[in-house]
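Right, one structure below, let's go through it.
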Amino acid sequence: MDLITTTPALAEACDRFAAQPFVTVDTEFMRETTYYPKLCLIQMAGPDGSGVLVDPLAPEIDLKPFFGLMADEGVVKVFHSARQDLEIIWLLGGLLPQPFFDTQVAAMVCGYGDSVSYEQLTNDVAKAKIDKSSRFTDWSRRPLSEAQLAYALSDVTHLVTIYEVLAGQLLRTDRGEWLDEEMSVLTSPETYRADPAQAWRRLAGRMRKPREIAVLMEVAAWREREAQARNVPRGRILKDEAVIDVASSAPRSVEALGRLRSIPAGFERSRTGAEILAAVERGFERELAEIAAPERSRGGRGGNGALVELLKVLLKAVCEEERVAPKIIATVDDLEAIAEDDAADVPVLHGWRRTLFGEKALALKAGRLALSAQGGRVVVRELA
């Protein structure tokens, strides 16, 4: 299990994979101390199960052949739970693999459950066991141990069997198009662009006052830009709790900032403290009329809580019958929207989702469908 550490060796391996119909891919990376992930290892395997390990930290290697393979439209690139792997490829190579297949998404369509793990699929589909003892080791340290290399290689060799089985099931059930929407999100550059202007959304929580949200927007954007520029985790700049405290209290002086419990002693008089106060001032300069509070969850409004619960039961029953994971059909927000409005603009009322579940949800809401218990299972029954 030697590591590929030179560009010629990498090019030769990528040329071999380019002649195959598909290649399985995985990466090992570290990001505990950085904003951007640090790529530490690349694993690939072909249809015959033979795999290679690539050391991106080797001083004499250029990853251009690897990115060329990722861009080759004649080879399907197969990942499991690909989002973080694709983020790395986008950041380092400026591209996203096409064509692309995510076995976690495919497994949901094939009835293996929501967000099924690679270990579970390896057990259930490839009939193999994985030694996970190396999973959380430091992949940036060299030399890598034999146990690390063996674990890393198993992440792509078993994936060959998993892909072949899932692709076969999709072909037999004619559900390939069910993957399209999920795959399109994963292969959209917008998915991986961390826009500082949108950083506030993950912290908004229950904030409803326009002034609080305006300050949050500016402070969160400042922190995101700082983290990106320094390549450190957001929390190294300012912890989430402190960002929320600043937005809620909106301190406009050094003394006011220093009185916040989440701000370390003396921090308020530092350069960073001055930048936080400047961000607060920018928040006060925003036009409040343009600030829209995050939409509240619909659950329970207008007496729809019980109906939403019925729709959840219907969703579970339909998904058990069709052997598909509920997560890929509808979210709780979707169900809440349907409970309020028959014409809600949600994915579950469009395309194949509407055919599979949406029409039944509307029928249940209109009293044309009933749920009953039979033999320990929920049965969906049309009413005359």
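For the stretch 170-218, the set of residues classified as part of a helix (DSSP H, G or I), under 21 Å from Arg252 (Cβ atoms), over 18 Å from the mean Cα position of the chain (by Cα) and among the aliphatic types (A, V, I, L, M) consists of Ile213, Ala214, Val215, Leu216, Met217, listed by residue number.
Sort out which residues of the stretch 329-360 are touching a Phe, Trp or Tyr at 6+ places or on another chain (Cβ under 7 Å) and in a helix (DSSP H, G or I), and write them in order of number. Result: Ile329, Val348, Trp352. Against the condition out of contact with any His (no Cβ under 9 Å at 6 or more places or on another chain), open to solvent by less than 40 Å² (accessible area, probe 1.4 Å) and closer than 30 Å to Glu336 by Cα, how does Ala221 come out, does it pass? No, not satisfied. Here Arg142 meets the list (1) without any contact (Cβ under 8 Å) to a residue 40 or more places away in the chain; (2) open to solvent by 20 Å² or more (accessible area, probe 1.4 Å) almost entirely, failing just condition (1). Annotation note: of Leu91, Leu95, Leu149, the sole residue that is free of Cβ contacts under 8 Å to residues at least 40 places away in the same chain and over 28 Å from Ile329 (Cα atoms) is Leu95.
Output the residue which, of all residues in the stretch 1-46 that are touching a residue at least 60 places away in the same chain (Cβ under 8 Å) and not in a strand (DSSP E or B), is surrounded by the most Cβ atoms within 10 Å (Cβ to Cβ). Here the answer is Gly46. Just one of the listed residues (Gly74, Gly49) is over 27 Å from the mean Cα position of the chain (by Cα), assigned to a loop (DSSP other than H, G, I, E, B), of a type outside the set (Asp, Glu) and closer than 30 Å to Val165 by Cα, namely Gly49. Taking the stretch 343-367 as the range and being of a type in the set (Lys, Arg) and in contact with a strand residue (DSSP E or B) (Cβ under 7 Å, 6 or more places away or on another chain) as the test, only Lys360 passes. The set of residues in the stretch 361-384 that are in a helix (DSSP H, G or I) and more than 17 Å from Cys319 (Cα to Cα) contains only Lys365.
The values are calculated or read from the model by the stated rules, or taken from the named source; none is laboratory data. Everything quoted here is computed from the prediction, not taken from an experiment. Reconstructed Cβ throughout: ideal geometry from the backbone, glycine too, with neighbour counts over all protein chains shown. Areas reflect the complete protein model, heavy atoms only, side chains present, ligands, DNA and RNA absent. Shrake-Rupley method; radii C 1.70, N 1.55, O 1.52, S 1.80 Å.
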